Structure formats: C-alpha cells, structure tokens
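First comes the structure, then the notes that go with it.
Derivation of every value follows stated rules applied to the coordinates shown; laboratory data play no part. Predicted model only: the values in this text are computed from it and were never measured. When we count neighbours, we look across all protein chains shown, and the Cβ atoms used for this are built from the backbone with ideal geometry, even at glycine.
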Amino acid sequence: AQKVTQAQTEISVVEKEDVTLDCVYETRDTTYYLFWYKQPPSGELVFLIRRNSFDEQNEISGRYSWNFQKSTSSFNFTITASQVVDSAVYFCALSDDAIQGAQKLVFGQGTRLTINP
Amino acid sequence: NAGVTQTPKFQVLKTGQSMTLQCAQDMNHEYMSWYRQDPGMGLRLIHYSVGAGITDQGEVPNGYNVSRSTTEDFPLRLLSAAPSQTSVYFCASSIELFGEQYFGPGTRLTVT
C-alpha cells in the first residue's frame, strides 16, 4: 500500500539557516509521482514540485532544492538561507495509482516549519 | 481566471443537518477531487471525478455524496452531519492525470 511518512512534525530554525524536510515513501509500483505542497498560515495549498520515478535528478529552484533517492525511498526538500516567509506547513505526497483514470494522491502528515527572525 | 473557488469559507452545522459545499473551477480541468484535512493526518481523498457525469469514491467517502453535472462544478454534499466531519475541506482540480493539483481556498466546517 502507498504510504508517505514525514517524521519531522515541527522544525524551528533561525532565519538564514539551511533546513531539510524529510520525506520517506512506500510503494510497490515502479511508476509513481512525488509532490511537495506548501501550506502557509493563510491556509491555501501551493504546489512546489512534481517528480516522476524515472527522473532521479535533483532539482533546484532558487533557494529550494529537492533530493530524490530511490535507493532509500526518500524525496527530501531543502531550503537554503531560510526566510520568515518560508514559515508554513509542508506536505509531501505520492501518487502511484490511477483509479479509473483519476489520480489518487496520498499525503504525508506534514511538517510545520517555523523560521524565526 | 479565478482558479478553484469554494463556498462557503466557514460553516457551523448541528448534528444531523445537511448541507452542500460548493466547488467551481474555470480552467476546463477534467479531474476534480475533494479532500479533508484533519490535524496530524495530512489530506485524505473523499471523492473524485474524471469528467462530467463520472464520479467515484476515495479513501474516506462515508457520509458524503458528490455529483458532476458540468465540467466546472463539483459540489460535495453532507447528508447528515456528524461531529467527526468537523474538518477543513479542500477541492482540487488538475488538467492531466498525475499532474499538479490546483487547490481551492478551503472550507472550515464545524459540526456541533
């Protein structure tokens, strides 16, 4: 069965520190997709990245980077030089199952990140 | 484009009452879903639709009904509200299978 584990419930760092959010997933399928979403205090969900299981290249977008390692079933997210605006709950999600043509997305429990000035 | 809109933003119901949460998108997306978010549990799929006239159950469908008469609208009906349905409800749409999901702003529902 699909499962996503974000073991870090809460992280608190001082501004400008680097921080890594861990995500470990379980799936039996060889084809699957991994996602990260951000939920700021305002409550909306913001898409950050999608990665398919055949692309293990790391991705960098500004201060954000993602490390995908199939060998350890992990898809970790690093914020470099964190800023107060990065404070949010971050969700990792997995989709490996198209139910009758629809995507079934399984979310981790989320990591609440607080960046202190 | 308004994206995905949800109404109402907040709602308080008494146990046993029924209501409909509205969701609409103006991006011509075929795929739409309803999730509920509970503390410490991430988001869980309630119902989904792959196009007008086609809906099916997700992980936690009990107590909820959906219909999809148009591409744009995907309402979620609570048949007889229970305190266990107190949650934040998100509607989402996507243009492609396994694609980025666009989420609405959410509806915070309290059942007393």
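At q = 0.17, 0.27 Å⁻¹ the log10 of I(q)/I(0) for segment B:1-49 amounts to -0.70, -1.20, computed by Debye summation with a single uniform scatterer per C-alpha, solvent ignored.
Using only the Cα atoms of the protein assembly as shown, what semi-axes does the equivalent ellipsoid have when each is the square root of 5 times a gyration tensor eigenvalue? Give whole Å, largest first. Write out the running numbers ahead of the final one.
Details: eigenvalues 176, 87, 49 Å².
Taking √(5λ) for each eigenvalue gives 30, 21, 16 Å, largest first.
Fewest neighbouring Cβ atoms within 10 Å first, the residues B:26, A:96 line up as B:26, A:96.
Could you pull out the pairs from A:38/B:9; A:38/A:104; A:16/B:9 whose alpha carbons sit more than 30 Å apart here? The pairs that break the limit, which is 30 Å between Cα atoms, are A:16/B:9. Principal axis extents of the C-alpha atoms in chain B (largest first, rounded to whole Å): 37, 28, 26. Annotation note: trypsin sites (Lys or Arg not before Pro) in segment A:10-86 located in DSSP loop regions with a Cβ neighbour count of at most 16 within 10 Å are A:16, A:28, A:63.
Shown here: segment A:16-77, whose C-alpha atoms stretch 35, 24, 17 Å along the first, second and third principal axes, sorted largest to smallest. Between residue B:15 and residue A:114, the FRET efficiency from the beta-carbon distance, with R0 = 30 Å, is close to 0.25. Each residue in B:29, B:47 was given a count of other beta-carbon atoms within 10 angstrom of its own, and listing them fewest first yields B:29, B:47. Look at B:95, A:49, B:46, A:60 and count the other Cβ atoms within 10 Å of each Cβ; fewest to most, that gives A:60, B:95, A:49, B:46. How much net charge surrounds residue A:107 when only other residues with a Cβ under 13 Å from its Cβ are counted (Lys, Arg +1; Asp, Glu -1)? With Lys, Arg at +1 and Asp, Glu at -1, the neighbours total +3. Just need log10 I(q)/I(0) for chain A at q = 0.09, 0.18, 0.20 Å⁻¹, Debye formula, equal scatterers on the alpha-carbon atoms, no solvent, rounded to two decimals. Scattering profile of chain A, log10 relative to I(0): -0.23, -0.89, -1.08.
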